[in-house]
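The values are calculated or read from the model by the stated rules, or taken from the named source; none is laboratory data. Quantities reported herein were computed from a predicted structural model and do not represent experimental measurements. All Cβ positions, glycine included, derive from the backbone under ideal geometry; neighbour counts span all protein chains shown. For accessibility, only protein heavy atoms count, side chains too; no ligands or nucleic acids. Shrake-Rupley method; radii C 1.70, N 1.55, O 1.52, S 1.80 Å.
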Amino acid sequence: MTQINLWKHERDTLALQPGEVLFREGDQDDVMFAVVEGQVELSRNGVVIEDVGPGGIVGELALIDPAPRSATARARTEARVARVDKKVFTFLVQEHPTFALQVMAVMAQRLRRTNEAT
């Protein structure tokens, strides 16, 4: 899976305990999260799609499409995630075009995995 390591030294993070839900399928939101430490599990309709580790992102679709969340993100281990809102996302896309390509690669890979899993 494509890794985006822009947040590996981020100090403003959210700590998650194993089993803690970051967001649920059907939630309405406009932020994504970058995994700084640990593992975050993505599932859809109860089926695990992927385990996302450091350098991975979850919830990226919410920054592009206002539809409800298409998956649930739950900490598999103790984890730290950085919250990325639309303002930061837009800045990164404008200032670092390769960032946009990395996010698109993650979305394409995740779509393929989701199609295989469901």
Run through the range 46-118 and list the GluC sites (Glu not before Pro) located in a DSSP loop whose Cβ has at most 13 other Cβ atoms within 10 Å. Glu78
Whose amide H sits under 5 Å from the amide H of Ser70, counting only residues 5 or more places off or on another chain, with H placed in the peptide plane? Gly26
Label-point separation, Glu37 to Phe91 (7 Å along Cα→Cβ), nm: 2.4
If a/c stays under 1.5 just call it rounded; otherwise compare a/b with b/c (prolate if a/b is bigger, oblate if not). Do that for the range 40-118, with a ≥ b ≥ c from the square roots of the Cα gyration tensor eigenvalues. prolate
For the chain: accessible area per residue (Å², 1.4 Å): 57
If R0 = 22 Å, then His9 and Ala67, at their Cβ-Cβ distance, give a FRET efficiency to the nearest 0.05 of 0.10
How much net charge surrounds Phe89 when only the other residues with a Cβ under 12 Å from the Cβ of Phe89 are counted, with Lys and Arg +1 and Asp and Glu -1? -1
I'd like the distance between the alpha-carbon centres of the range 49-94 and the range 4-24, rounded to an integer number of Å. 9
Measure off, as a whole percent, the carbon and sulfur share of the 1.4 Å-probe accessible area of the chain, all protein chains present. 50
Only loop residues by DSSP count here, and only those with at most 16 other Cβ atoms within 10 Å; note down the GluC sites (Glu not before Pro) in the range 4-45 that meet that. Glu10, Glu20, Glu25
Sum of -39500 (n - 2.57) over DSSP H runs of 4+, divided by residues of the chain (222 nm, nearest 500): -8500 deg cm²/dmol
Label-point gap, in nm, between Arg112 and Asp27 - each point 7 angstrom along Cα→Cβ: 2.8
If you take the charge dipole of the chain about its Cα centre, with +1 on Lys and Arg Cβ and -1 on Asp and Glu Cβ, which of Leu92, Gln39, Ile49 is farthest toward its positive end? Ile49
